[in-house]
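Novice: Sharing a structure with you now.
The values are calculated or read from the model by the stated rules, or taken from the named source; none is laboratory data. No experiment lies behind these values; they were computed from the predicted model shown. As a convention, Cβ positions derive from the backbone with ideal geometry for all residues, glycine included, and neighbour counts pool all protein chains shown. Ligands, DNA and RNA are excluded from the accessible area calculation, which covers all protein heavy atoms including side chains. Shrake-Rupley method; radii C 1.70, N 1.55, O 1.52, S 1.80 Å.
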Amino acid sequence: MAKQTKSFRVGRVRGDLRGKVWYLTYYDQGRRHRPRIGADLDEARRHAAEVNSQLENGAPVSSSFQSIKIVDLQERWLDHHETVARSSLKTISRYRSATNHLIVFVTDSRVPASTGQFRVEHAELFVKHLRAIHVSPNGHPHSEKRPLRDKGLRYILEVCRSMFHFASQRRHLPPYASNPFTALQIDKIPTEDSKPIELFDADQERQFLEAADDWQFPIFVTLMLTGLRPGELSHLFWPDDIDEQLRAVVIRNRPQLGWQVKTRRERMIPLHPVLYRVIKLCTLNRQSGTLFQRRRFTNSKPPALAGCPIEMLEKEHLLRIDQKEAELQRQLSRVERQQVCRTIWRDVGLIKSDYLRTSFIQICDKAELNGFTSPKMLRHLFATTLQEGRVDPLIRNELMGHSTNATSRSNPLGMTATYTHTRPATMREQLERALKDRPAIVITEEWLANRNG
């Protein structure tokens, strides 16, 4: 009677019989793999020959991928953005919110919950699911829910596509299997129900500013005439961020205090002469602090850290972190450190972006301007003014803080952006020319004349 074979080798692959089942053993990119084949010796030899051929040719090995649950993929991907890519906390939060829709879908349906089994047809079912759900606008929990708009649907699918691209790079998808979200051709999904962006016309701009009180006026005329994001305006620091020589506002990253510009791009915006006078009036007799203070600090006791320069605030930040870590007896996470940073900005008088939005709506209600709910519209108005004023495209990019990287597909300037540099005087000249006919300039001059007697 012939002795039963219990092992064999085909090149770099070894086969072993354990009980009645054959297993293959091989190493791929330094990792040991041991797939289960079955009871048939001929089938085990065929698989071994196939794997060895793939190893010798450097091709992806059909049995070397590691399928994981999609919920585990989400955590690994977000952890990569947290610890490796070091994406902003807001970006990570948006990514988590977007991919949570996929987690809910695979949990509540009969769709496979693992990366190795999730296919294009399942991604298509996910799209149908998204078109059927209702969401809270901008994530506000108490607002009335509405169907997900096309723009939001596309964003969720784009984020899921990025997450599955990460899975493909980490070999969590079967070899030769395509990203299931790539096949959806997300970029070709039409956006048919996007909310139109309405801008103030000249009369509405005048009505808005005339309805603003003395605390609101400097804040919103600054947003109008600089195109700042509300969060950027809130984090401006006096006197550091006002360049007296160039008469310009400088938008800086302050990582030591937990603040970064959305695109991480610092920039300088010349101040129109009338706006410069407004800022000088607002900062009269003030040593330091946020450029604009919360309303309750304008005519009462100053904030706790009023008058502290940036260097002292950074030391206070480190002190509070040390105190918190001593209290918890562990190191703080990035989220916890950010919470400590917020207490510093709070005690220096920062105005929250949500309060700016509330104030914007209050002014619009007072001026009977219906349909305007977001101060970010003023940034759109500024960009439109630059375009209508025929401001150079490169200067527009710099003033808005958008990317001028030559590798950006959205940048029409190409390599010109790399070799082109803008003098501050040129930027000021074009900005002032674009703004000269704005009602905001006339209204601000009248406002200054009334305050200066």
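Novice: Could you list all residues from the stretch 89-125 that are surrounded by 15 or more Cβ atoms within 10 Å (Cβ to Cβ) and among the acidic types (Asp, Glu)?
Specialist: Correct list: empty.
Novice: Given the structure, is residue 209 part of a helix (DSSP H, G or I) and under 28 Å from the mean Cα position of the chain (by Cα)?
Specialist: In short, no.
Novice: For a quick check of your reading of the model, give me the residue pairs whose first member lies in the stretch 217-237 and is within 25 Å of residue 433 (Cβ to Cβ) and open to solvent by 10 Å² or more (accessible area, probe 1.4 Å), whose second is modelled with pLDDT of 95 or more and in a helix (DSSP H, G or I), with beta-carbon atoms closer than 9 Å and at least 6 apart or on different chains.
Specialist: From residues that are within 25 Å of residue 433 (Cβ to Cβ) and open to solvent by 10 Å² or more (accessible area, probe 1.4 Å), the pairs are 229/223.
Novice: To continue, here is another question. Of everything in the stretch 182-221, what is at pLDDT 95 or above and small (Gly, Ala, Ser)? Give them in sequence order.
Specialist: Matches in the stretch 182-221: 211, 212.
Novice: Inspect all residues belonging to the stretch 261-274 and state whether any of them is closer than 24 Å to residue 369 by Cα and open to solvent by less than 60 Å² (accessible area, probe 1.4 Å).
Specialist: no
Novice: Further, regarding this structure: Specify which of the listed residues (172, 165, 134) is under 30 Å from residue 55 (Cα atoms) and either open to solvent by 90 Å² or more (accessible area, probe 1.4 Å) or within 16 Å of the chain's Cα centre (by Cα) (or both).
Specialist: 165
Novice: Filter the stretch 314-368 down to the residues that are among the acidic types (Asp, Glu) and at negative phi and list them by number.
Specialist: If the condition is that a residue be among the acidic types (Asp, Glu) and at negative phi, then 314, 316, 322, 325, 327, 336, 347, 354, 365 are the ones that fit.
Novice: Taking residue 449, is it modelled with pLDDT of 90 or more, touching a Lys or Arg at 6+ places or on another chain (Cβ under 9 Å) and not in a loop (DSSP other than H, G, I, E, B)?
Specialist: It is false that residue 449 is modelled with pLDDT of 90 or more, touching a Lys or Arg at 6+ places or on another chain (Cβ under 9 Å) and not in a loop (DSSP other than H, G, I, E, B).
Novice: Give me the pairs: first residue in the stretch 275-287 and polar (S, T, N, Q), second residue open to solvent by less than 60 Å² (accessible area, probe 1.4 Å), beta-carbon distance under 8 Å, and six or more apart or on different chains, which are they?
Specialist: 283/238; 283/239; 283/242; 283/291; 287/306; 287/307
Novice: Can you tell me how many residues in the stretch 188-202 are in contact (Cβ under 8 Å) with a residue 12 or more places away in the chain, open to solvent by 80 Å² or more (accessible area, probe 1.4 Å) and not aliphatic (A, V, I, L, M)?
Specialist: Residues that pass the stated criteria total 3.
Novice: What number of residues within the stretch 312-362 satisfy the criterion of being under 21 Å from residue 301 (Cα atoms) and either open to solvent by 90 Å² or more (accessible area, probe 1.4 Å) or in a helix (DSSP H, G or I) (or both)?
Specialist: Number of matching residues: 11.
Novice: Which ranges mark the helices (runs of 4 or more DSSP H) fully within the stretch 74-187 that have 1 or more residues being of a type in the set (Ser, Thr, Tyr) and out of contact with any Leu (no Cβ under 6 Å at 6 or more places or on another chain)?
Specialist: Correct list: 89-108, 150-169.
Novice: What is the one condition in (1) over 25 Å from residue 188 (Cα atoms); (2) open to solvent by less than 20 Å² (accessible area, probe 1.4 Å); (3) at pLDDT 90 or above; (4) in contact with a strand residue (DSSP E or B) (Cβ under 9 Å, 6 or more places away or on another chain) that residue 61 does not satisfy?
Specialist: (3)
Novice: Still on this model: Tally up the residues in the stretch 1-44 that are touching a residue at least 40 places away in the same chain (Cβ under 8 Å) and not in a loop (DSSP other than H, G, I, E, B), please.
Specialist: Within the stretch 1-44, residues that are touching a residue at least 40 places away in the same chain (Cβ under 8 Å) and not in a loop (DSSP other than H, G, I, E, B) number 3.
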